[in-house]
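Throughout, read-outs are computed from the coordinates displayed, never taken from laboratory work. Predicted model, so just to flag it, every value in this text is computed and none were measured. FYI the Cβ positions are ideal-geometry reconstructions off the backbone, even for glycines, and counts take in every protein chain you see.
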Amino acid sequence: MATFFTADTHFGDAPLVHRRRNAFGSVEGHDEALIDRWNAVIGASDEFWHLGDFAVGASREHCAAVFARLNGIKRLMRGNRVLDLPWADPPVESARITVRDAEGRPWRFFLSRYPHRSWPGFWRETRHLYGHAHACLPDTSRSCNVGADACDYPPVGFRRLLARQEAAENVPEEMAVHGLRLK
């Protein structure tokens, strides 16, 4: 079982597709491409966190049909709209999770719909993953956007997100807060 993340898939969101994702040609083309990319990386037993805006402006029938086609054990952060779908757990505002890598080392994450400048566990090596920003905010050494726009649309595993954070030039965590500096 692996753990994956995304946000801002906006299934069924015709205005967004026409305004920002017109390379897909249509809302139908957009939804099909995102479903294909999701299922190419996520297996039936993989855990998946969707950090908000699963669908916007789509009918409940369309949302249910898309949801049924997506692989994985799906969990949701509340976004613009909370959908009555069979999520593994009820949608939440935020979550603190631990994911173990192949060597068994724990990696702690604070998940939320929105980007934070500070978060629970900030000074204890907890990383922050968020959505909502549609690739408009740069990654930092401790936080990054997992939104579809920021990740070329497929869901991503935590190792790729850690690599993005490690490569980030923005290190706001180095600000002199009580004379402390994260490494």
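I need the P(r) histogram for the chain: all alpha carbon pairs, bin width 5 Å from 0 out to the longest distance, whole percents.
Using 5 Å bins, I get a P(r) of 1, 8, 17, 21, 20, 14, 9, 5, 3, 1, 0 for the chain.
Pick out, from 116, 72, 44, the residue whose Cα sits farthest towards the positive end of the charge dipole of segment 3-174, with +1 on the Cβ of Lys and Arg and -1 on the Cβ of Asp and Glu.
Checked the options; the winner is 116.
With r as the distance between the Cβ atoms of residue 68 and residue 105 and R0 = 35 Å, compute the FRET efficiency 1/(1 + (r/R0)^6) and round to 0.05. Walk me through the numbers on the way to the answer.
Working: r = 35 Å, r/R0 = 1.00.
Efficiency for this residue pair is about 0.50.
What ranking of 49, 38, 107, 123 emerges when the number of other C-beta atoms within 10 Å of each C-beta is taken as an exposure proxy, fewest first? Each step should come with its number before you reach the end.
Details: 49 27, 38 24, 107 17, 123 12.
By the 10 Å Cβ count, ascending, the order reads 123, 107, 38, 49.
With labels modelled as points extended 7 Å from the Cα through the Cβ direction, what inter-label distance (nm, one decimal) is found for residue 2 paired with residue 137?
About 2.6 nm separates the two model spin labels.
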